[in-house]
Amino acid sequence: MPKKSLPRLHRIGAAILLYSLPCSLVTAGRPSTSQPAPPAITLKVRPDDSPTREGFERFYNSDYETAIQNFEKTLKVYPDDAFAMNHLLEAVLFREIDREGSLNGELYLGTEFLHAKRAAVDADARARIQELTKQSLRVSEERLKTKPDDIDALYARGITRSLSAIYEGLVEKSWYTAFRDALGAYDDHKRVLELVPSYNDAKLVVGVYVYVASALPIYERVVAFMFNIRGGKAEGIESVREAANAGGEASVDAKTALSLFLAREHEYSEAISLVRELYAAYPHNFHYGLSGADVLRNSGKIPEAVAAYRDLLALGQRNAFPGQHIERAAIGLGRALHLQGDMRGAATAFDSAAQMTGANREMAIRANLQAGEMYDLLHDRDAAKKRYEAVIAGGDDSTDARDAKRFLKDPYHDP
């Protein structure tokens with residue numbers, strides 16, 4: 001049964017949403033376990049206290065529990081600070097969606113995530129996310145009632161709305177609500193820049209949405225224009241670059257988004273440089289390491305990509321990335337080896353991904369499908385059929401399952 005087409009607003013809202021994901025989508029370097037980690041990127045944070053600074057460092061190293069503890073400490077000292085609430089909200093939200101395997105850069109480059117199952121977020125965490133969202137919005141809006149042009153309140157509300165868009169989209173699968181919140185975030189930060197053009201942190205959300213809207217097909221771009229999201233790709237990228245270079249709270253997220261946009265525009269040299277900088281600063285962030293390897297592969301630097309994936313797998317075996325879905329590095333390795341013409345090595349990599357303990361279900365299914373394809377290219381039909389049958393046994397009507405049924409009848413051939 002073919003997938004139902006999504007309304008245009010769903011697609012535009014989803015496109016805006018997917019690029020709102022901080023620290024998730026985006027090297028090749030190898031962090032040493034015998035040497036101290038390089039210092040994290042210095043950020044200008046608010047509130048500017050030790051727990052907040054440490055919380056950001058822990059957050060970008062994917063140590064969500066410690067980050068949450070630090071942000072909780074700050075919130076106790078500043079109970080009515082929307083910035084402190086947003087920091088905690090972001091950490092709790094991303095702990096949950098990362099645990100579910102929803103921080104997957106390649107997944108969000110297409111529309112597959114729109115059809116993925118709802119993330120099974122813990123009930124207590126869900127309640128905490130909803131509570132923090134309401135509290136932060138209330139604090140910002142109370143300030144805006146007395147001072148409509150309070151730039152910090154506008155900025156904080158925009159961040160809360162952006163995080164709410166991510167929650168509504170990835171957890172609740174409520175795309176219209178996500179789109180509404182995303183547009184609200186854009187409007188808030190656009191207003192901030194109208195009032196204070198040098199408020200660089202606000203340039204991230206504005207730049208991201210301008211870039212995404214300009215990258216949409218022309219018939220969908222018209223809808224985005226109706227909602228006053230205007231500008232071109234170059235304008236969006238430059239806005240994000242200014243946020244990245246400003247050193248504010250949004251700097252790391254801006255560098256992440258910038259590296260992804262540059263890769264999409266085939267400006268690989270700068271994209272690789274950015275992800276290497278991010279991974280060097282936060283060597284326990286598996287997503288940065290994986291995205292660095294992916295950019296190398298997509299840029300045609302296949303031997304370097306193979307080495308980067310193997311480094312990640314070796315580090316994963318030494319528990320350098322606790323709680324992360326290391327099978328993605330094995331899948332990336334399989335794809336790189338396929339490009340090198342090493343079908344046997346690719347099949348072995350895909351098989352290892354499918355068999356990893358704790359592997360994400362969708363990733364394991366995808367790995368089995370791709371292993372079957374490699375065995376077909378090796379003319380090992382029996383091995384290929386076993387992998388296709390494992391995909392079908394997943395019991396859903398995914399694209400992978402439909403492809404597996406097709407390849408059971410007719411062997412896979414490279415395009």
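The values are calculated or read from the model by the stated rules, or taken from the named source; none is laboratory data. What you are looking at is a predicted structure, and each value in this text was computed from that prediction instead of being measured. Backbone-built Cβ (ideal geometry, glycine too); neighbour counts: all protein chains shown.
Can you find a residue that is at pLDDT below 90 and either outside the structural domain of Tyr268 (by TED's automatic domain parsing) or closer than 23 Å to Gly332 by Cβ (or both) anywhere in region 57-66?
Within region 57-66, not a single residue is at pLDDT below 90 and either outside the structural domain of Tyr268 (by TED's automatic domain parsing) or closer than 23 Å to Gly332 by Cβ (or both).
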Qualifying residue in region 151-170 (condition: touching a strand residue (DSSP E or B) at 6+ places or on another chain (Cβ under 7 Å), of a type outside the set (D, E, K, R) and over 27 Å from Arg126 (Cβ atoms)): no
Residue match in region 168-176 (condition: within 23 Å of the chain's Cα centre (by Cα), buried (at least 24 other Cβ atoms within 10 Å of the Cβ) and at pLDDT 95 or above): no
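One line per residue, one yes/no per condition, for (1) under 14 Å from the mean Cα position of the chain (by Cα); (2) part of a helix (DSSP H, G or I); (3) among the polar types (S, T, N, Q):
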site	(1), (2), (3)
Ser259	yes, yes, yes
His266	no, no, no
Leu274	no, yes, no
Glu277	no, yes, no
Ala280	no, yes, no
His284	no, no, no
Leu290	yes, yes, no
Test: residue in region 202-214 that is of a type in the set (Lys, Arg) and modelled with pLDDT under 95: no
Residue match in region 281-297 (condition: surrounded by fewer than 24 Cβ atoms within 10 Å (Cβ to Cβ) and closer than 30 Å to Lys385 by Cβ): yes
Residues of region 190-217 classified as closer than 12 Å to Ile151 by Cα, assigned to a helix (DSSP H, G or I) and among the aliphatic types (A, V, I, L, M), total: 4
All positions within region 368-415 that are part of a loop (DSSP other than H, G, I, E, B), buried (at least 16 other Cβ atoms within 10 Å of the Cβ) and within 28 Å of the chain's Cα centre (by Cα): Gly394, Ser398
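Please find, within region 298-339, the residue that is surrounded by the fewest Cβ atoms within 10 Å (Cβ to Cβ) out of those that are of a type in the set (A, V, I, L, M) and part of a loop (DSSP other than H, G, I, E, B).
So in region 298-339, the residues of a type in the set (A, V, I, L, M) come out as 302, 305-308, 312-315, 320, 326, 329-331, 333, 336-337, 339.
Of the ones still in play, those that are also part of a loop (DSSP other than H, G, I, E, B) are 320, 326.
Numbers: Ala320: 18, Ile326: 24.
Going through the qualifying residues, I end up with Ala320.
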